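Reading through the structure tokens given below for one structure.
The values are calculated or read from the model by the stated rules, or taken from the named source; none is laboratory data. Quantities reported herein were computed from a predicted structural model and do not represent experimental measurements. Cβ sites come from the backbone with ideal geometry, for glycine too, and all protein chains shown count toward neighbours. Heads up: the accessible areas ignore ligands, DNA and RNA and are worked out on the full protein's heavy atoms, side chains in. Shrake-Rupley method; radii C 1.70, N 1.55, O 1.52, S 1.80 Å.
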Amino acid sequence: MKKKIYLAMLAVCFALTASACGDGGAVITDGTKTEGVADGKKAETGTTRLVSVENVEKYITIGEYKGLTLDNTVDAITDDDVQAQIDEDLKDKAEPVSDAAKEGDLVTVNYTGTKDGQTFDGGTANNYDFVIGDGQMFEEFENGVIGMKKGDTKEIKIDFPSDYADETLAGKEVIYKVTVQNVRREGELTDEWVAKNTDYTTVDDYRESIRSELEKNAKESAQEVLKNTAWSTVLENSEVKEYPQEDVDKAVSEFKKSMEVYAKQADMTLEEFTDSQGISQDDFDEQCQQYAEGKVKQNLIVQGIMDAEGLSLDDKESLQLQDKLVEQMSVSSIAELVGTYGQDYVDESVGLLRVEDFIIKNASVSEKVANGDVLADDADAAAENAEQDSNQNISDEDVDDSGQDNSDVDENLEEELGTEDVDQSE
């Protein structure tokens with residue numbers, strides 16, 4: 001378990017699209033003309049750079065990044081998607097009621113469980129929320145709460161199954177003393193409910209707003225996937241010839257500093273922390289190197305493309321991306337972003353976003369709509385294809401391995417046995 005915690009921290013720091021997870025550092029600038037510039041373009045002199053070297057081509061062969069063939073696949077928003085969001089909104093805005101709890105109500109309870117008259121670990125909770133009927137609690141527990149009102153207290157007996165995961169409770173009888181703190185109930189979707197709980201006045205307007213928001217989110221998600229695909233394609237097809245040692249050393253130091261932060265939070269030295277996670281010094285050193293090389297490879301690619309295409313971290317487009325990053329990170333200003341994450345993080349993030357945008361603008365992008373696993377050129381076609389696919393699957397289920405249609409087998413068998421008119425309730 002401890003090692004999993006450490007590996008989760010490592011994954012956060014190693015995420016190439018996030019680049020710098022340390023404290024950042026001084027901005028590296030270069031006042032000379034950049035070498036290896038293609039098509040007569042050149043990067044602006046005196047601009048911020050992501051690597052310490054001038055001639056990036058000496059260190060990496062960058063994969064093809066112009067003319068890529070990519071799909072921008074947007075999930076179709078169905079009526080079921082819209083209804084699911086409405087159901088979630090109704091649940092979130094459930095209102096307190098004074099009458100007895102029933103199935104579907106959101107209840108808040110305090111409970112104390114005893115086994116053989118003694119409390120046990122995990123058997124007590126306060127202000128615990130669950131929806132009756134959702135299966136979050138034992139069925140006996142949920143059924144026991146039905147009929148209780150706010151302030152009511154009762155005992156509910158639970159016979160734990162013999163194969164229960166916790167062996168100390170398996171096959172045991174537990175008595176829960178339950179007090180209902182609150183009962184909340186979903187309202188009905190009416191114009192009155194919409195006017196009271198949303199910015200709209202009718203159910204139709206509210207439903208349409210939900211669809212529009214879901215469609216917007218689907219497009220934004222698809223755009224992020226497209227960017228990640230574009231970048232990963234170039235990343236995988238690029239090959240490092242040599243790692244600039246200065247940049248690698250800096251990244252290794254950065255990674256160690258980030259781990260020292262976690263160690264300090266645990267009131268340990270870095271060595272004590274890694275040891276507590278079951279990580280040997282050799283493994284830790286190897287992971288530092290992996291992180292550093294991954295980060296430096298990213299920066300070499302980004303800087304190489306920017307040099308070749310005359311892009312800069314200080315031009316109008318990059319400054320606009322800074323504003324976008326501020327919004328995405330939910331901070332008030334670029335100064336706050338730099339103060340929190342460091343200048344390196346901001347520069348590397350903006351550089352990566354700039355290059356991703358460039359790759360996509362210079363790619364052949366096909367717009368697709370997905371309905372489940374079915375792809376088409378538009379939402380209507382995707383829905384139609386999905387329905388046809390579903391019907392085909394149903395049809396296939398009616399045919400056995402010999403190719404015989406079995407859809408009427410049960411009916412024919414009933415006729416033979418004379419059971420087709422038997423009342424099943426008898």
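Most tightly packed first, judged by the mean number of other beta-carbon atoms within 10 Å of their residues, the peptides 267-278, 292-303, 163-174 read 292-303, 267-278, 163-174.
If you take the beta carbon distance between I175 and D92 as r and set R0 to 45 Å, what does 1/(1 + (r/R0)^6) give as a FRET efficiency, to the nearest 0.05? The pair I175/D92 has a calculated efficiency of 0.85. Karplus-derived 3J(HN,Hα) values for region 212-228, using 6.51 cos²θ - 1.76 cosθ + 1.60 with θ = phi - 60°, are 4, 5, 5, 5, 4, 4, 5, 5, 5, 5, 5, 5, 5, 4, 4, 4, 5 Hz; glycine and proline are entered as x. Across region 206-323, C-alpha contacts under 8 Å between residues 6 or more apart give a mean separation that, scaled by the residue count, equals a relative contact order of 26 percent.
Measure off, as a whole percent, the carbon and sulfur share of the 1.4 Å-probe accessible area of region 139-266, all protein chains present. Before the final figure, lay out each step's value.
Values: 3320 of 7730 Å².
Using a 1.4 Å probe with all protein chains present, region 139-266 comes out at 43 percent carbon and sulfur.
In this structure, the amide hydrogen of V365, modeled 1.01 Å from its nitrogen in the peptide plane, lies closer than 5 angstrom to those of L70, counting only residues at least 5 positions away or on a different chain. Computed from backbone phi, the HN-Hα couplings of region 56-69 come to 5, 4, 5, 10, 8, 9, 7, x, 4, 10, 10, x, 5, 9 Hz, rounded to whole numbers (Karplus: 6.51 cos²θ - 1.76 cosθ + 1.60, θ = phi - 60°; Gly and Pro given as x). Extension gain, N362 to E188, is 57.6 nm, computed as 0.36 nm per intervening residue step minus the present C-alpha separation.
Give the shape of region 223-330 as rounded, prolate or oblate, defined through the alpha-carbon gyration tensor: a ≥ b ≥ c are the square roots of its eigenvalues, a/c under 1.5 means rounded, and otherwise the shape is prolate if a/b is larger than b/c and oblate if not. Verdict is prolate for region 223-330. To the nearest Å, what is the center-to-center distance of region 99-136 and region 247-282, using C-alpha atoms only? About 42 Å separates the Cα centre of region 99-136 from the one of region 247-282. Label separation (K149 vs D80): 4.1 nm, computed from points 7 Å beyond Cα along the C-beta direction.
Specify whether the C-alpha gyration tensor of region 114-273 places it in the rounded, prolate or oblate class, a ≥ b ≥ c being the square roots of the eigenvalues: rounded for a/c under 1.5, otherwise prolate if a/b is larger than b/c and oblate if not. Oblate. Each label point was placed 7 Å from the Cα along the Cα-to-Cβ direction; for D283 and T340 their separation is 3.3 nm.
Label-to-label distance, S232 versus D121, with points set 7 angstrom from Cα along the beta-carbon direction: 3.9 nm.
Using a probe of 1.4 angstrom and keeping all protein chains present, the accessible surface of region 180-320 works out to 53 square angstrom per residue.
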